[in-house]
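For reference, the structure discussed in these notes is given below.
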Amino acid sequence: MEDGFGRRISYLRVSVTDRCDFRCTYCMAEEMTFLPRAEVLSLEEIERLCGVFVGLGVRKLRFTGGEPLVRAGVPGVMARVGARHLGQGLEELTLTTNGARLARFAPELAAAGVRRVNVSLDSLKEARFAAITRTGHLPAVLAGIEAAAAAGLAVKINMVALKGVNEDEISPMLAWCGARGFDLSLIETMPLGDMSGRVETHLSLATVRERLCQHWTLRPSAHATGGPSRYWDVAETGARIGFITPLSEHFCASCNRVRLDVKGRLYLCLGHEAAVDLRAPLRAGASDETLDSLVRAAMRIKPERHEFEIGRPAVARYMSATGG
Ligand code: SAM
Ligand code: SF4
């Protein structure tokens, strides 16, 4: 499946819920209104669409949200999608999670064919973690990470770099990850949803990288995902560090991904409103062939590049609706 610019689209991120047990300051407002159930794709609809996308050449599926593990039945969907498609076109089935429920679900996810998991972790200090996530409890997340590793899952930690909030923890986090064999991805805040406070906490990862180089030996890594992350090997630990910098560097030329939101809209770019509704045709009884051609047609409107700018919301939706 190719888009209008000749890019091969092989990666689908599926937001399976807009709900979450955390309220991270950069992601959600304190009071959120979530979608009524009827608006959200059912688990069966998600499963069916995953099949359609794999049939069209998607090789990697990532479940995200909201928090994927707060929706009952999500590990079951992953198990069915894994059993049906892994090794039959699909090469990787994975998820991004806040980790709070991983202690319970890690073995089930491993049995579903999940081999790696991204866990968001912005601080190793309990009070600070609680302040950033508003409702999160650090020990539960650390137990989840431990359970994931014990279940044989490769763990990558996602840390949003927040100026004046957790920037002093970036180097310690790199050491913590290195000691456990986890890769670390640092993420710049993106201008999505409610912008309050976002500009003040925006921290350029170019600056962070320069600072890290004073203590660590970072060498450009051959590892590439086609995504917005640039990786470096950390000589001292043997693990990798990635910098996800949608604002200060463009990565669009190698973009291989599209996103399905909770309402069944296929978003072609995180920084654009361009989307195609798949829920209505799905609920009107569309055949797989019809869904195939709708998805193929959608690829024609994938924008060439995003238009993020610091201080200006490119799109009004929250990351939790489209999936980070
Ligand atoms: N709840 C899961 C989690 O936290 O990992 C999955 C969904 S969350 C939206 C996915 C990722 O997006 C997380 O790593 C989170 O830190 C990141 N994120 C959320 N809002 C963001 C923003 N405004 N800018 C940059 N990253 C953001
Ligand atoms: Fe929830 Fe993830 Fe957003 Fe935090 S970043 S509020 S854990 S969806």
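Against the list (1) touching a residue at least 60 places away in the same chain (Cβ under 8 Å); (2) under 29 Å from A110 (Cβ atoms); (3) more than 16 Å from ligand 2 (Cβ to nearest atom), the condition E39 fails is (2).
Across the range 27-74, what is the total count of residues that are of a type in the set (S, T, N, Q) and assigned to a loop (DSSP other than H, G, I, E, B)?
2
Across the range 130-153, a minimum of one residue is classified as in contact with a strand residue (DSSP E or B) (Cβ under 8 Å, 6 or more places away or on another chain) and either closer than 17 Å to V16 by Cβ or more than 16 Å from ligand 2 (Cβ to nearest atom) (or both). Scanning the range 44-89 for residues that are of a type outside the set (D, E, K, R), out of contact with any strand residue (DSSP E or B) (no Cβ under 6 Å at 6 or more places or on another chain), without any contact (Cβ under 8 Å) to a residue 60 or more places away in the chain and within 16 Å of ligand 2 (Cβ to nearest atom) gives V70, V74.
Looking at the structure I just gave you, is A100 modelled with pLDDT of 95 or more, within 12 Å of ligand 2 (Cβ to nearest atom), surrounded by 23 or more Cβ atoms within 10 Å (Cβ to Cβ) and not β-branched (V, I, T)? Outline the logic, then answer.
On the way: modelled with pLDDT of 95 or more: yes; within 12 Å of ligand 2 (Cβ to nearest atom): yes; surrounded by 23 or more Cβ atoms within 10 Å (Cβ to Cβ): yes; not β-branched (V, I, T): yes.
Yes; evaluated as a whole, the condition is true for this residue.
A count restricted to the range 146-174 and to residues that are within 18 Å of E126 (Cα to Cα) and not in a loop (DSSP other than H, G, I, E, B) stands at 14.
From the set of residues in the range 84-104 that are within 30 Å of G136 (Cβ to Cβ) and assigned to a loop (DSSP other than H, G, I, E, B), which is nearest to the chain's Cα centre (by Cα)? Steps first, please.
Restricting attention to the range 84-104, the residues satisfying the condition of being within 30 Å of G136 (Cβ to Cβ) are 92-104.
Of the ones still in play, those that are also assigned to a loop (DSSP other than H, G, I, E, B) are 98-101.
Numbers: N98: 10, G99: 13, A100: 16, R101: 17 Å.
This residue is N98.
Exactly one residue among E188, E167, E200, E126 is more than 30 Å from H85 (Cβ to Cβ) and free of Cβ contacts under 8 Å to residues at least 24 places away in the same chain, and that residue is E126. Within the bounds of the range 5-21, is there any residue that is away from ligand 1 (no atom under 16 Å from the Cβ), part of a loop (DSSP other than H, G, I, E, B), touching a strand residue (DSSP E or B) at 6+ places or on another chain (Cβ under 8 Å) and basic (K, R)? No: the range 5-21 contains no residue that is away from ligand 1 (no atom under 16 Å from the Cβ), part of a loop (DSSP other than H, G, I, E, B), touching a strand residue (DSSP E or B) at 6+ places or on another chain (Cβ under 8 Å) and basic (K, R).
Of all residues being over 20 Å from R257 (Cβ atoms) and of a type outside the set (A, V, I, L, M, F, W, C) in the range 92-112, which is nearest to ligand 1 (Cβ to nearest atom)? Just the residue, please. Looking at the filtered set, the residue picked out is N98. Using the structure shown, decide if A150 is of a type outside the set (V, I, T), farther than 20 Å from H223 by Cβ, at pLDDT 95 or above and in contact with a Gly (Cβ under 9 Å, 6 or more places away or on another chain). Against the criterion (of a type outside the set (V, I, T), farther than 20 Å from H223 by Cβ, at pLDDT 95 or above and in contact with a Gly (Cβ under 9 Å, 6 or more places away or on another chain)), A150 does not qualify.
For residues in the range 113-134 being away from ligand 1 (no atom under 12 Å from the Cβ) and part of a loop (DSSP other than H, G, I, E, B), which is surrounded by the most Cβ atoms within 10 Å (Cβ to Cβ)?
Once the filter is applied, the top-ranked residue is V114.
Just so you know, in the range 243-302 the residues that are in contact with a Leu (Cβ under 6 Å, 6 or more places away or on another chain) and under 30 Å from L212 (Cβ atoms) include one that is modelled with the highest pLDDT, and it is F243. Filtering the range 206-242 to residues that are in contact with a strand residue (DSSP E or B) (Cβ under 8 Å, 6 or more places away or on another chain), assigned to a loop (DSSP other than H, G, I, E, B), at pLDDT 85 or above and surrounded by 13 or more Cβ atoms within 10 Å (Cβ to Cβ) leaves W216, S221, A239.
The values are calculated or read from the model by the stated rules, or taken from the named source; none is laboratory data. Owing to the predicted nature of the structure, the values given are computational and were not obtained by experimental measurement. Ideal geometry is used to build each Cβ from the backbone, glycine not excepted, and the neighbour counts take in all protein chains shown.
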